[in-house]
Amino acid sequence: MKKTNDERLQDLFSYLDSLSYIKSGSIPDIPLYMDQVTTFMDEHLARMKRYPEDKVLTKTMINNYAKNNLLPPPLKKKYTKEHMLMLIFIYYFKNLLSFNDIEELFRPITGGQFSGDGKLSLERIYNEVFSLEDRQMENLKADIKEKFQVASDTFQDAPEDEQEYLRLFAFICELSFDVYLKKQMIEMLADQLREEVPETDKKKK
């Protein structure tokens with residue numbers, strides 16, 4: 001049975017309510033082998049998958065992240081809690097930004113954390129960032145509701161049997177435009193960070 005736009009909106013809110021980030025306390029403090037890493041991620045981020053058969057993380061992905069300088073190599077084939085925290089960050093960024101931009105955003109963090117020189121632990125940084133989740137989720141819901149209401153007022157003069165789809169299309173376009181602009185802003189900030197890197201640090205890379 002075809003859903004109404006109001007039902008689709010409720011589906012979106014129900015989906016958002018079902019999401020939660022991985023708490024740092026649930027990540028093992030002992031180093032893990034790659035198979036254990038992929039299993040852990042797949043179990044804890046299952047709700048983020050679009051299709052049931054999708055894999056959250058694979059061995060190929062992890063090797064590719066290391067190859068592209070997003071993730072330091074494992075220690076004796078084992079991945080530490082710091083590796084796990086970085087992999088979670090990468091998971092959220094990878095569908096939005098290029099590897100080059102992700103590397104630039106992480107460089108000040110990974111440079112200190114994995115060398116042992118970081119003033120704040122990566123776990124502290126992770127917890128601080130994700131502590132914003134609840135507030136941001138409520139803001140997101142309010143923004144989505146506002147966009148939906150605006151889209152619902154469009155195409156007043158369209159044929160009645162076409163209005164439902166056209167208003168849904170307008171809503172999707174609003175969401176897409178929002179994502180596009182935010183992506184542009186993140187890329188601009190990454191470019192600024194890249195330009196601020198001293199020439200000596202660039203040569204080391």
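The values are calculated or read from the model by the stated rules, or taken from the named source; none is laboratory data. Predicted, not measured: the structure shown is a model, and the values here were computed from it. A quick note on method: Cβ atoms are made from the backbone with ideal geometry, for glycine too, and the neighbour counts reach across all protein chains shown. For accessibility, only protein heavy atoms count, side chains too; no ligands or nucleic acids. Shrake-Rupley method; radii C 1.70, N 1.55, O 1.52, S 1.80 Å.
For every residue, the table says whether it meets (1) small (Gly, Ala, Ser); (2) open to solvent by less than 30 Å² (accessible area, probe 1.4 Å).
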position: ALA66; (1), (2): yes, no
position: MET84; (1), (2): no, yes
position: TYR91; (1), (2): no, no
position: LEU105; (1), (2): no, no
(message) Could you list, ordered by first residue, the pairs with Cβ atoms under 6 Å in which the first is in segment 161-173 and without any contact (Cβ under 8 Å) to a residue 60 or more places away in the chain and the second is among the hydrophobic types (A, V, I, L, M, F, W, C), at least 6 apart or interchain?
(response) GLN163/PHE155; LEU166/PHE155; LEU166/ALA158; ALA170/ALA151
(message) Would you confirm, using the coordinates I've provided, whether ILE22 is in a loop (DSSP other than H, G, I, E, B), β-branched (Val, Ile, Thr) and open to solvent by 40 Å² or more (accessible area, probe 1.4 Å)?
(response) no
(request) From ASP42, ASP54, grab the single residue that is without any contact (Cβ under 8 Å) to a residue 60 or more places away in the chain, closer than 23 Å to VAL129 by Cα and not basic (Lys, Arg). (result) ASP42
(message) Take LYS49 and tell me if it is free of Cβ contacts under 8 Å to residues at least 12 places away in the same chain and among the charged types (D, E, K, R).
(response) yes
(request) Can you tell me which residue among GLN156, GLN136, GLN184, GLN149 is part of a loop (DSSP other than H, G, I, E, B), out of contact with any Leu (no Cβ under 7 Å at 6 or more places or on another chain) and surrounded by fewer than 16 Cβ atoms within 10 Å (Cβ to Cβ)? (result) GLN156
(message) For the structure I just gave you, tell me whether LEU96 is touching a residue at least 24 places away in the same chain (Cβ under 8 Å), open to solvent by 50 Å² or more (accessible area, probe 1.4 Å), within 27 Å of ARG135 (Cβ to Cβ) and not hydroxyl-bearing (Ser, Thr, Tyr).
(response) yes
(message) I'd like the residue in segment 25-49 that is part of a helix (DSSP H, G or I) and among the charged types (D, E, K, R) and, out of all such residues, is farthest from the chain's Cα centre (by Cα).
(response) ASP35
(message) So the check is Cβ under 8 Å with 6+ separation or different chains; which pairs have a first residue in segment 127-152 that's in contact (Cβ under 8 Å) with a residue 40 or more places away in the chain and within 23 Å of TYR92 (Cα to Cα) and a second one that's open to solvent by 50 Å² or more (accessible area, probe 1.4 Å) and in a helix (DSSP H, G or I)?
(response) ILE144/LEU12; ILE144/LEU175
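Does TYR126 satisfy the condition of being open to solvent by less than 60 Å² (accessible area, probe 1.4 Å) and either at pLDDT 95 or above or under 21 Å from the mean Cα position of the chain (by Cα) (or both)?
Yes.
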